[in-house]
Amino acid sequence: MRDKEATDPALLASTEDSKDFMFEGETISYKVSALGTTTTVELEKN
């Protein structure tokens, strides 16, 4: 859970209480949003 008191006034902090992560093979992915744009971040193990 996020710390609402700390993140609510922050310009680039998430307003979501939780974040969904997807696992497929050796890749972890999740969505991030900033300034009205949402993108998916993918992390792969090398």
* Asked: Quick one: which of SER33, SER14, SER29 is at pLDDT below 90 and either over 14 Å from the mean Cα position of the chain (by Cα) or part of a strand (DSSP E or B) (or both)?
  -> SER33
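Take THR38 and tell me if it is of a type in the set (Val, Ile, Thr) and touching a Lys or Arg at 6+ places or on another chain (Cβ under 6 Å).
Details: of a type in the set (Val, Ile, Thr): yes; touching a Lys or Arg at 6+ places or on another chain (Cβ under 6 Å): yes.
Judged against the criteria, THR38 is a match.
In the chain, how many residues are of a type in the set (S, T, N, Q) and touching a Leu at 6+ places or on another chain (Cβ under 8 Å)?
From the chain, those of a type in the set (S, T, N, Q) are 7, 14-15, 18, 27, 29, 33, 37-40, 46; that's our starting set.
Those still in the list that are touching a Leu at 6+ places or on another chain (Cβ under 8 Å) too: 27, 29.
Final tally of qualifying residues: 2.
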* Can you spot a residue in the range 6-21 that is of a type in the set (Asp, Glu) and exposed (fewer than 10 other Cβ atoms within 10 Å of the Cβ)? -> yes
* To do: Considering each residue of the range 22-38, count those that are touching a strand residue (DSSP E or B) at 6+ places or on another chain (Cβ under 9 Å) and surrounded by 10 or more Cβ atoms within 10 Å (Cβ to Cβ), and give that number.
  => 8
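Filter the range 17-26 for residues that are assigned to a loop (DSSP other than H, G, I, E, B) and at pLDDT 85 or above and give the result. First the steps, then the outcome.
Here is the first cut: in the range 17-26, the ones assigned to a loop (DSSP other than H, G, I, E, B) are 17-21, 25-26.
Correct list: SER18, LYS19, ASP20, PHE21, GLY25, GLU26.
The values are calculated or read from the model by the stated rules, or taken from the named source; none is laboratory data. Since this is a predicted model, take the numbers as computed values, not measurements. Don't worry about glycine lacking a Cβ; one is built from the backbone with ideal geometry, like all the others, and counts go over all protein chains shown.
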